[in-house]
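The values are calculated or read from the model by the stated rules, or taken from the named source; none is laboratory data. Note that the structure is a prediction, hence the values are computed from the model and not measured. Here Cβ is always computed from backbone atoms with ideal geometry, including for glycine, and neighbour counts include all displayed protein chains. Note: areas computed on protein heavy atoms with side chains; ligands, DNA, RNA excluded. Shrake-Rupley method; radii C 1.70, N 1.55, O 1.52, S 1.80 Å.
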Amino acid sequence: MTRSDLVEELASRFSQLTHRDAEFAVKTILDAMSDALVRGHRIEIRGFGSFSINRRPPRMGRNPRSGESVHIPEKRVPHFKPGKALREAVDLRTKEMEKS
């Protein structure tokens, strides 16, 4: 599902929302989540999952073309951990699809 698919779904489920309002709502939520992660906060949505920041330590890598060693600096990357309800729903749907 893409961002525009999410906007379309929201606009179709709530007829009182215009397409522009749905787009603004999705943009506002995603911007708020991005800002929270940038500030180092953890986001938890019960039943869905949590977003946090993981630290990747610096390491030595290798350039695949030349074989030369390359220093890779420390990074902070977003991480998503699905909640129990989401994991179970995905597992159940996957099993149902395999049976058909």
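Could you tell me whether residue 97 is open to solvent by 100 Å² or more (accessible area, probe 1.4 Å), over 30 Å from residue 36 (Cβ atoms) and either among the polar types (S, T, N, Q) or touching a residue at least 12 places away in the same chain (Cβ under 8 Å) (or both)? No: the conditions fail for residue 97.
Kindly evaluate residue 14 against the criterion of being over 13 Å from the mean Cα position of the chain (by Cα) and among the aromatic types (Phe, Trp, Tyr).
Numbers: over 13 Å from the mean Cα position of the chain (by Cα): yes; among the aromatic types (Phe, Trp, Tyr): yes.
Yes, satisfied.
Scanning the stretch 9-35 for residues that are surrounded by 14 or more Cβ atoms within 10 Å (Cβ to Cβ) and among the aliphatic types (A, V, I, L, M) yields 10, 11, 17, 22, 25, 26, 33.
Within the stretch 57-74, none of the residues are closer than 25 Å to residue 87 by Cα, of a type outside the set (Gly, Ala, Ser) and open to solvent by 50 Å² or more (accessible area, probe 1.4 Å). Look through the stretch 36-56, keep the residues that are in contact with a Lys or Arg (Cβ under 9 Å, 6 or more places away or on another chain) and more than 26 Å from residue 85 (Cβ to Cβ), and return whichever of them is least open to solvent (accessible area, probe 1.4 Å). The selected residue is 40. Pairs are defined by a Cβ separation below 6 Å, a sequence spacing of at least 6 or placement on different chains, a first member in the stretch 47-70 that is over 20 Å from residue 35 (Cα atoms) and among the small types (Gly, Ala, Ser), and a second member that is open to solvent by less than 100 Å² (accessible area, probe 1.4 Å) and in a loop (DSSP other than H, G, I, E, B); the pairs so defined are 47/83. Listed by first and then second residue, the pairs with beta-carbon distance under 8 Å, at least 6 apart or on different chains, first residue in the stretch 1-18 and within 17 Å of residue 30 (Cα to Cα), second loosely packed, with under 11 Cβ neighbours inside 10 Å and not β-branched (Val, Ile, Thr), are 9/1.
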